[in-house]
Amino acid sequence: MLLKIRFLTDISFFSFIPLTEIIKANNLIIILIVGLLLFIGFTMFFLIKFLIDKELKVMPEVVSIIDKMSGGDFSEFSLTKSNNEFDNISDSLSHLQSTISKITKSAETSMNELDSNQKDIEIMIKKCF
């Protein structure tokens, strides 16, 4: 292959380079670019995987608590803080648990009082007859 090199002056120089050397150089450049792109791709994959795992680490705990609540278990719980939206969900679930626990305790107290009053009425009716 003939390469013409021109300087600022009118003098021209010619250089003869074998075509195989140019092809080898181009192949090397292509291999380096593909290797670099693969390296960047794998690096980005693992970086994104790490970040997603970090953000979603409390999700199994939240799902477990929701499953327990759907089965009627409203016992107190605590979740590790993750500094993302799961903290809002955790706070809301905690408030829900607290509210439902208060309601069930109030209902249980009312039922016990009702049962006691009903037994008293039964005793009074038996005494009358």
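Taking the conditions exactly as written (open to solvent by less than 70 Å² (accessible area, probe 1.4 Å), more than 22 Å from residue 54 (Cβ to Cβ) and either in a helix (DSSP H, G or I) or of a type in the set (Lys, Arg) (or both)), does residue 98 satisfy them or not? For residue 98, the condition - open to solvent by less than 70 Å² (accessible area, probe 1.4 Å), more than 22 Å from residue 54 (Cβ to Cβ) and either in a helix (DSSP H, G or I) or of a type in the set (Lys, Arg) (or both) - is met.
Within region 14-54, the set of residues being open to solvent by 100 Å² or more (accessible area, probe 1.4 Å) and within 30 Å of residue 89 (Cα to Cα) comprises 45, 46, 50, 54. Close Cβ contacts (under 9 Å, 6 or more residues apart or on different chains) running from residues in region 96-111 that are within 18 Å of residue 62 (Cβ to Cβ) to residues that are of a type in the set (Gly, Ala, Ser) and open to solvent by 60 Å² or more (accessible area, probe 1.4 Å) comprise 97/75. Scanning region 68-91 for residues that are within 18 Å of the chain's Cα centre (by Cα) and assigned to a helix (DSSP H, G or I), we see that the one that is farthest from residue 52 (Cα to Cα) is 91. For the criterion of being at pLDDT below 90 and not basic (Lys, Arg), residue 20 passes. In this structure, residue 80 does not qualify as modelled with pLDDT of 90 or more and of a type in the set (S, T, N, Q).
Whether any residue in region 55-75 is modelled with pLDDT under 90, aromatic (Phe, Trp, Tyr) and either within 30 Å of residue 94 (Cβ to Cβ) or surrounded by fewer than 10 Cβ atoms within 10 Å (Cβ to Cβ) (or both) is what I want to check. Yes - at least one qualifying residue is present in region 55-75.
The values are calculated or read from the model by the stated rules, or taken from the named source; none is laboratory data. As the structure is a prediction and not an experimental result, all values here were calculated from the model. So basically every Cβ, Gly included, is an ideal-geometry build from the backbone, and we count neighbours across all protein chains shown. The accessibility values were calculated without ligands, DNA or RNA, using every heavy atom of the protein model including side chains. Shrake-Rupley method; radii C 1.70, N 1.55, O 1.52, S 1.80 Å.
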